[in-house]
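Participant: Please find one structure pasted underneath; my questions will follow.
The values are calculated or read from the model by the stated rules, or taken from the named source; none is laboratory data. Nothing here was measured: the structure is a model prediction, and the numbers come from that model. Every residue, glycine among them, receives a Cβ derived from its backbone with ideal geometry; neighbour counts consider all protein chains shown.
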Amino acid sequence: MTESQARIPLLSESELDPAAAEVLDRLRGMGNGRILHIFAALAHHPDLLRRWLVFGNHVMGKSTLSPRERELVILRVGWLCAAEYEWSQHVVIARATGLGEDEIRRVADGPQAPGWSPREAALLRGVDELVRTRDLADETFEALRKHLDVPELLDTIFAVGQYVLVSTVLRALRIPLDPGLGGFEETVGRRPPGR
């Protein structure tokens, strides 16, 4: 997918209104000085972008989950939602938190894949159920409660909700990958089933 295939234009620096420019100026570090494609699309609505970033900042920087666990959750959501943009961005972040290439590939295999700790398997099982049913079976809830305190449980549920939302926006708007990022084929060697 290319920039021209995006369903709304990705605004360039010269097209930003002052309110959008102010918001995006603070985000340049995330794209190595460039405006990431998701932000270039959302810059059409600076008030929405600004307010969404407050919650996104909690999920990414203030969550009670460890960075590793947060990235396992986000990658699993990206895989299940077939949101290649989300997946590719968070593969980079996951690597920076210490996840290895084999672990990143294993996220695509899900909670039943060998090698996860009981806590990680419970987290991934919870992600699967929340994405697929928007609910947690009693057994899954109890497994999560065995490993997570209440703030961690809430942060998990909200992280899943946040990234289902983001994945929906990315797919619906056909936001293309940012330059230099590999998609599903490059990082896992396959695409999510049915996609």
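Listed here are the residues, each with its yes/no results for (1) among the hydrophobic types (A, V, I, L, M, F, W, C); (2) touching a Leu at 6+ places or on another chain (Cβ under 6 Å); (3) not assigned by TED's automatic domain parsing to the domain that holds residue 163.
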residue: 4; (1), (2), (3): no, no, yes
residue: 23; (1), (2), (3): yes, yes, yes
residue: 35; (1), (2), (3): yes, yes, yes
residue: 42; (1), (2), (3): yes, yes, yes
residue: 83; (1), (2), (3): yes, yes, no
residue: 91; (1), (2), (3): yes, no, no
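Participant: Within the stretch 141-152, how many residues are surrounded by fewer than 19 Cβ atoms within 10 Å (Cβ to Cβ) and free of Cβ contacts under 8 Å to residues at least 24 places away in the same chain?
Facilitator: 4
Here is a yes/no grid of residues against (1) under 17 Å from the mean Cα position of the chain (by Cα); (2) surrounded by 15 or more Cβ atoms within 10 Å (Cβ to Cβ); (3) closer than 22 Å to residue 157 by Cβ:
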{"site": "78", "(1), (2), (3)": "yes, yes, yes"}
{"site": "94", "(1), (2), (3)": "yes, yes, yes"}
{"site": "100", "(1), (2), (3)": "no, no, no"}
{"site": "110", "(1), (2), (3)": "yes, yes, yes"}
{"site": "114", "(1), (2), (3)": "no, no, no"}
{"site": "121", "(1), (2), (3)": "no, yes, yes"}
{"site": "125", "(1), (2), (3)": "yes, yes, yes"}
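Participant: Give the stretch 38-49 a look and list any residue that's buried (at least 16 other Cβ atoms within 10 Å of the Cβ) and in a helix (DSSP H, G or I), or say none.
Facilitator: Listed by number, the residues that qualify are 38, 39, 40, 41, 42, 46, 49.
Participant: Right, something else. Identify, please: which residue in the stretch 9-37 is surrounded by 13 or more Cβ atoms within 10 Å (Cβ to Cβ) and outside any helix (DSSP H, G or I) and is, among those, modelled with the lowest pLDDT?
Facilitator: Per the criteria, the residue is 27.
Participant: List pairs: first residue in the stretch 97-111 and part of a loop (DSSP other than H, G, I, E, B), second residue among the acidic types (Asp, Glu) anywhere in the structure, Cβ distance under 7 angstrom, at least six positions apart or on different chains.
Facilitator: Cβ pairs passing all conditions: 97/71; 99/71; 110/128; 111/128.
Participant: Identify all residues within the stretch 133-155 that are aliphatic (A, V, I, L, M) and either under 24 Å from residue 90 (Cα atoms) or assigned to a loop (DSSP other than H, G, I, E, B) (or both); write none if there are none.
Facilitator: 136, 137, 144, 148, 153, 154
Participant: Sticking with this one: Please verify whether the stretch 116-123 includes one or more residues that are of a type in the set (Gly, Ala, Ser), within 23 Å of residue 58 (Cβ to Cβ) and touching a residue at least 24 places away in the same chain (Cβ under 8 Å). Break it down into steps so the answer makes sense when it comes.
Facilitator: So in the stretch 116-123, the residues of a type in the set (Gly, Ala, Ser) come out as 117, 121-122.
Those still in the list that are within 23 Å of residue 58 (Cβ to Cβ) too: 122.
When the remaining residues are screened for being touching a residue at least 24 places away in the same chain (Cβ under 8 Å), the result is 122.
Within the stretch 116-123, one or more residues are of a type in the set (Gly, Ala, Ser), within 23 Å of residue 58 (Cβ to Cβ) and touching a residue at least 24 places away in the same chain (Cβ under 8 Å).
Participant: Filter the stretch 134-184 down to residues that are modelled with pLDDT of 95 or more and either over 16 Å from the mean Cα position of the chain (by Cα) or basic (Lys, Arg) (or both), then give me how many there are.
Facilitator: Going through the stretch 134-184 one residue at a time, the tally reaches 23.
Participant: Right, here's the next one. As an exercise: evaluate residue 180 against (1) closer than 17 Å to residue 93 by Cα; (2) surrounded by 14 or more Cβ atoms within 10 Å (Cβ to Cβ); (3) among the small types (Gly, Ala, Ser) and give the number of the one condition it does not meet.
Facilitator: All conditions are met except number (2).
Participant: Now for a different question. Taking residue 158 as the residue in question, decide whether it is in contact (Cβ under 8 Å) with a residue 40 or more places away in the chain, in the same structural domain as residue 79 (by TED's automatic domain parsing), of a type in the set (Phe, Trp, Tyr) and more than 19 Å from residue 92 (Cα to Cα).
Facilitator: yes
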